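Encoded as structure tokens, the structure appears first; notes follow it.
The values are calculated or read from the model by the stated rules, or taken from the named source; none is laboratory data. Fair warning: this is a prediction, and the values are worked out from it, not measured in the lab. To get the accessible areas, we keep the full protein, side chains included, count just its heavy atoms, and leave off ligands, DNA and RNA. Shrake-Rupley method; radii C 1.70, N 1.55, O 1.52, S 1.80 Å.
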Amino acid sequence: VQLQASGGGLVQAGGSLRLSCAASGRTFSSYIMAWVRQAPGEERKFVAAISRDGGSTSYSDSVKGRFTISRDNAKNTVYLQMNSLKPEDTAVYYCAATNRFLLTTPTNRYDDWGQGTLVTVSS
């Protein structure tokens, strides 16, 4: 599946952003979808994942309670609503997909990746 992320930008600490990831193809609903981020000089880190039907989600401890992942299978799109943003949330955010596993957090289990969208949170 091909993925196209959008919605990044510059926001002040405490603000909100909503990221979107549009997927191509007719089998979007067969994929577990995730958001992964990479800060400068760091490795990619899991942020959130959502099950095929949207009924189950998983979050990293660093974003739990502030970020919400959701999906619209009719629109082939997954979202990441980010609230109460902090400077440490600054990173390139990637959407990723896998159809080989159930809801999963290791980033190396995701096979398809979007191009990334930059989120910058100023203090």
(request) Give the Rg (one decimal place) followed by the Dmax (whole number) of region 1-108, computed from C-alpha coordinates and expressed in Å. (result) 13.1, 38
(request) Using only alpha carbon pairs under 8 Å that are at least six residues apart, calculate the relative contact order of region 17-123 and give it in whole percent. (result) 31 percent
(request) May I ask you to give the solvent-accessible area per residue for the chain, in square angstrom, as obtained with a 1.4 angstrom probe? (result) 50 Å²
(message) I'd like the Karplus ³J(HN,Hα) series for region 51-64: coefficients 6.51, -1.76, 1.60, θ = phi - 60°, whole numbers in Hz, and an x wherever there's a Gly or Pro.
(response) 6, 4, 9, x, x, 10, 9, 9, 9, 6, 4, 5, 10, 4
(request) Run down the lysines and flag those whose C-alpha is under 23 Å from the C-alpha of Lys64, throwing out any fewer than 8 positions away in its chain. (result) Lys45, Lys86
(message) Out of the total accessible area of region 1-111 (probe 1.4 Å, heavy atoms of protein only), what percent is carbon and sulfur?
(response) 45 percent
(request) With θ set to phi - 60°, apply the Karplus curve 6.51 cos²θ - 1.76 cosθ + 1.60 along region 66-78 and write out the HN-Hα couplings as whole Hz, x wherever there is a Gly or Pro. (result) 10, 10, 9, 9, 8, 8, 10, 5, 5, 9, 6, 9, 10
